[in-house]
Amino acid sequence: MSVSVCDCSWYFRGDQVKNLLDRKYSGFRQNYVMELDDTICYCFHISKRKIVNFIRVYQPRRASQLTECGGAGTGCGWCVNYLKRFFAESQAAGMTEELTPEEYAKQRAAYIKAGHGKPAAGAIPLPPETDSN
Ligand code: FES
């Protein structure tokens, strides 16, 4: 008699498994860089994927038009420079990012704590402080 260990039909591509494991075990994410599902605008929960797709579909002529993507950049203002960067990179060639999501969140927290902006209502909260902050 044959016993199936798992009869579910779900399967993942190799990179999806890597991303899931990386997210679950973030201590191992030493060289993990911002990916499409990582959040860019914490105030309005806008992912990099939404920004990239907005640029691809609507082909904005100015970086400021990225605010039309779910209000990105209109809360605390932290992500505005990154929106400008994505826009500039889209005008040039491919879009690249060398920050890890943790570095990005920490830099935003420092930006908020320095009094540069106030997160929008419902924004993703600042990460907890650690000894290295
Ligand atoms: S993180 Fe985008 S406006 Fe606050």
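Miscellaneous remarks
- Taking first residues from the stretch 60-82 that are at negative phi and of a type in the set (S, T, N, Q) and partners that are within 8 Å of the ligand (Cβ to nearest atom) and part of a loop (DSSP other than H, G, I, E, B), the Cβ contacts under 9 Å between residues at least 6 apart in sequence or on separate chains come to 64/73; 67/73; 67/74; 74/43; 74/44; 74/120.
- Taking the stretch 38-67 as the range and being assigned to a helix (DSSP H, G or I) and touching a helix residue (DSSP H, G or I) at 6+ places or on another chain (Cβ under 6 Å) as the test, the residues that pass are 51, 55, 63, 66.
- Count - residues of the stretch 68-88 that are assigned to a helix (DSSP H, G or I), of a type outside the set (Phe, Trp, Tyr) and more than 9 Å from the ligand (Cβ to nearest atom): 5
- Answer from 120, 105, 109 - the residue that is of a type in the set (A, V, I, L, M), farther than 19 Å from residue 35 by Cβ, within 13 Å of the ligand (Cβ to nearest atom) and in contact (Cβ under 8 Å) with a residue 60 or more places away in the chain: 120
- Any hit, the stretch 85-101, residues being touching an Asp or Glu at 6+ places or on another chain (Cβ under 6 Å) and within 25 Å of residue 115 (Cβ to Cβ): yes
Each reported figure results from applying straightforward, stated rules to the coordinates on display, with no laboratory input. Being a predicted model, the structure only gives us computed values, none of them experimental. Cβ sites come from the backbone with ideal geometry, for glycine too, and all protein chains shown count toward neighbours.
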